[in-house]
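Q: So that we are looking at the same thing, I have put the structure below in C-alpha cells.
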Amino acid sequence: MFKFKVLIISILVVCFYSGAQQSIAGELVWEKTMLSAFYKAMSEKKKIILFVGRDNCGKCKYMREKVFESEKPAVKELLEKKYVLWFSDADRSTEWNRVANGLREIPLPLICIIDPASGKLYEDRTTGIQHSPVFYSRLLKDSNK
C-alpha cells in the first residue's frame, strides 16, 4: 500500500512538472470570446490583441505560428507580458465586427490593439502580414504609451 501511494505521488509530481514546462515553453494562449478576453485583460490590467483570421488562411497561420511565436525579436515574450490574446474566427463569430467598422474589405488577418480601460473601439488596427521586426516595433511603441 505504501509503495502504491509513493507511485501515485510520483506520477502526480511528474505530471505537474511537465504541465508547468509546457505552459512556459508552449504556444501562446488565445481567448476564444470577447467576454473572456475583456475579463482577463481588465483583471490583469493588460491590453488586448484581437486577431481575426481563419484556421486555413496561409497569412493567418504565418502570423500566428511565425510572427507571434517569434523569439527573435522577442514578440512572444512581449505579448505574454503586456497583452491578452483573443482569436476570433472570421467565419464563425461576429464579436469582432465592431472593430472592423469603416473597413470596406477586410483582408485577413485583422489585428487590433484594444485597451479596455480607455473605452476606445481600438487603439491600433492593421491587416495582412507583418514580419517579426515590424510587428515587434509596433508592439513596443504601443506598450510604451
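The values are calculated or read from the model by the stated rules, or taken from the named source; none is laboratory data. Note that the structure is a prediction, hence the values are computed from the model and not measured. Reconstructed Cβ throughout: ideal geometry from the backbone, glycine too, with neighbour counts over all protein chains shown. Calculation scope for accessible area: heavy atoms of the full protein, side chains included, ligands and nucleic acids excluded. Shrake-Rupley method; radii C 1.70, N 1.55, O 1.52, S 1.80 Å.
Q: Considering (1) free of Cβ contacts under 8 Å to residues at least 24 places away in the same chain; (2) crowded, with 20+ Cβ neighbours inside 10 Å, say which one Leu79 fails and leave the rest.
A: (1)
Q: In this structure, does Leu79 turn out to be in a helix (DSSP H, G or I) and not polar (S, T, N, Q)? Don't jump to the end; show me each part of the working.
A: Details: in a helix (DSSP H, G or I): yes; not polar (S, T, N, Q): yes.
Judged against the criteria, Leu79 is a match.
Q: In the range 96-127, how many are among the charged types (D, E, K, R) and farther than 16 Å from Ile48 by Cβ?
A: The number of residues fulfilling the criteria is 2.
To keep it simple, each residue is scored yes or no on (1) within 15 Å of Leu28 (Cα to Cα); (2) part of a loop (DSSP other than H, G, I, E, B).
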{"site": "Met42", "(1), (2)": "no, no"}
{"site": "Val52", "(1), (2)": "no, no"}
{"site": "Cys60", "(1), (2)": "yes, no"}
{"site": "Pro73", "(1), (2)": "no, yes"}
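Q: Answer with yes or no whether Phe51 is at negative phi, in contact with a Cys (Cβ under 9 Å, 6 or more places away or on another chain) and open to solvent by less than 80 Å² (accessible area, probe 1.4 Å).
A: It is true that Phe51 is at negative phi, in contact with a Cys (Cβ under 9 Å, 6 or more places away or on another chain) and open to solvent by less than 80 Å² (accessible area, probe 1.4 Å).
Q: Related question: Taking the range 56-76 as the search range and keeping residues that are of a type in the set (Lys, Arg) and either at pLDDT 95 or above or out of contact with any helix residue (DSSP H, G or I) (no Cβ under 9 Å at 6 or more places or on another chain) (or both), which one is least open to solvent (accessible area, probe 1.4 Å)?
A: In this case the residue turns out to be Lys76.
Q: Answer yes or no: is there a residue in the range 110-122 that is open to solvent by 20 Å² or more (accessible area, probe 1.4 Å), assigned to a loop (DSSP other than H, G, I, E, B) and at pLDDT 90 or above.
A: Yes: one or more hits.
Q: Among the numbered criteria (1) touching a Pro at 6+ places or on another chain (Cβ under 8 Å); (2) touching a residue at least 40 places away in the same chain (Cβ under 8 Å); (3) open to solvent by 30 Å² or more (accessible area, probe 1.4 Å), which single criterion is violated by Thr127?
A: So the condition that Thr127 fails would be (2).
Q: Restricting the search to the range 130-145, which residues are part of a loop (DSSP other than H, G, I, E, B) and without any contact (Cβ under 8 Å) to a residue 40 or more places away in the chain?
A: Result: Asn144, Lys145.
Q: Any residue in the range 28-48 that's free of Cβ contacts under 8 Å to residues at least 60 places away in the same chain: show its pairings with residues that are of a type in the set (Gly, Ala, Ser) and open to solvent by less than 60 Å² (accessible area, probe 1.4 Å) at Cβ separation under 7 Å, as long as the two are six or more apart or on different chains.
A: Close Cβ pairs (under 7 Å, with a partner that is of a type in the set (Gly, Ala, Ser) and open to solvent by less than 60 Å² (accessible area, probe 1.4 Å)) amount to Glu31/Ala37.
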